[in-house]
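Any read-out appearing in this document is the output of simple, stated calculations on the displayed coordinates, not a laboratory observation. Keep in mind that this is a model prediction, so the values were computed, not measured. Cβ sites come from the backbone with ideal geometry, for glycine too, and all protein chains shown count toward neighbours.
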Amino acid sequence: MVHRYFARPATCARHSVGPLSPYISSIADALAERGYARSTAAKHLRLVGDLSRWLARRRLGTADVDEATGLEYIKHRRRQQAHCRGNSGILKLLVEQLRQQGVVAPRRLPPPRFPGERLGRDFERYLTHERALAPATRINYLAFAREFLTHCFGRGAVRLRDLTARAIHQFMVRVVPKLGSGRAKLMVTALRSFFRFLLLRGDVRVDWAACVPPVANWRLAELPKSMEPADVERLLRECNRRTITGQRDYTILLLLARLGLRACEIVALTLDDIDWEAGEIRLRGKGSQHDRLPLPQDVGAALATYLRTGRPRCADRHVFIRRAAPHRGFAGSMTVCTIVMRALARAGLSPARKGAHLLRHSLAVRMLRRGASFSEIGQILRHRVPQSTEIYAKVDLDALRPLAQPWPGGAR
């Protein structure tokens with residue numbers, strides 16, 4: 001496989017020296033599988049060959065290759081004033097391949113940088129294995145727990161037995177004013193979960209979860225942020241469907257606008273979730289729930305066009321793939337939100353909210369104005385309880401107008 005990238009035998013021989021020489025071909029195969037261009041893959045293989053010669057000069061073997069060795073090699077390259085952009089990624093791929101082949105030992109966790117980090121890792125394992133929370137939820141919970149520990153103990157020793165209700169209250173008073181109501185409520189939930197974890201482990205003797213005050217956030221206090229149907233259609237028209245990226249973004253926006261999908265559902269969608277014969281798609285939603293929705297004709301046509309002409313060929317089964325190598329699924333929901341924000345900027349639209357949920361709200365409002373019932377809207381949006389759909393009652397002005405009372409002291 002290496003000969004595909006280097007025409008001259010002497011060049012191939014030069015990059016087949018040192019302890020990494022038996023694995024150069026497997027690295028070349030991995031680069032091809034991930035969709036790297038030929039010139040980019042050749043550059044990465046030259047880097048691996050240079051690393052192999054560097055290891056040989058230092059009398060190091062393949063078993064000595066790990067993240068720390070990679071960092072030391074990059075420092076060496078920088079001292080030689082060599083171009084280092086992208087080196088970290090290819091070295092990470094190299095170590096990953098060597099671990100898969102059993103040549104390099106499994107990765108060891110780095111030592112804690114501060115006393116509370118070990119506790120944070122234990123909390124993460126608890127959220128993963130005991131609570132089975134989604135990755136995004138775990139990230140948020142861990143961030144709040146670490147912020148609380150830093151507030152109470154700084155970089156000193158974490159003395160959980162010294163926790164007081166006053167310290168919890170002071171943290172809440174300092175942090176909550178900086179957050180929105182939804183984010184503040186999430187922090188309350190995260191801290192209560194963290195304190196119950198400490199109580200379960202026996203690190204504390206008091207259930208400090210009861211000392212975390214609630215955040216005032218009245219239900220249905222806000223109007224759902226949405227766009228007019230004409231603006232939604234304008235948003236779709238502004239996608240340049242003659243380009244691969246434009247066709248991909250158009251398909252994502254169409255799924256958001258026609259079916260009200262969440263960003264996380266777009267990210268999780270795989271090729272196996274599309275049932276072309278039945279005209280349905282399977283969705284992996286919140287709380288590990290699976291749902292099925294009918295596939296409208298325009299959405300199905302956009303998906304088929306993207307899969308035939310725009311989706312890069314790769315082993316990854318996700319529907320939507322990064323345009324640039326390495327070809328793999330989106331890293332998270334923020335990628336979908338970024339696509340929506342860029343599309344809004346192209347269309348010259350400036351709504352109050354600019355995330356992926358904007359199109360979900362717009363679909364619900366449009367259905368309501370066309371006479372759909374709340375139960376029908378709840379089924380499309382896959383709400384588990386009817387109360388989740390109640391917020392859209394506030395935008396049905398025709399139904400609310402007869403209920404309006406005259407202003408006291410106004411004209412009769």
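General observations
- Arg107/Arg183 FRET efficiency (R0 41 Å; Cβ-Cβ; nearest 0.05): 0.80
- Theoretical gain in end-to-end length, Thr150 to Leu271 [0.36 nm per residue, Cα-Cα removed]: 39.2 nm
- Highest-first packing order for the peptide set 124-135, 23-34 is 23-34, 124-135, based on the mean count of other beta carbon atoms within 10 Å.
- Inter-site label distance for Gln297 and Ala352 at 7 Å from Cα along Cβ, in nm: 3.7
- Cα centroid separation, segment 235-266 to segment 347-371: 14 Å.
- FRET efficiency, Arg242 to Ala331 (Cβ-Cβ, R0 25 Å, nearest 0.05): 0.40
- Residues in segment 180-189 carry Karplus couplings, in order, of x, 4, x, 5, 5, 5, 4, 5, 4, 4 Hz; the curve used is 6.51 cos²θ - 1.76 cosθ + 1.60 with θ = phi - 60°, and Gly or Pro positions show x.
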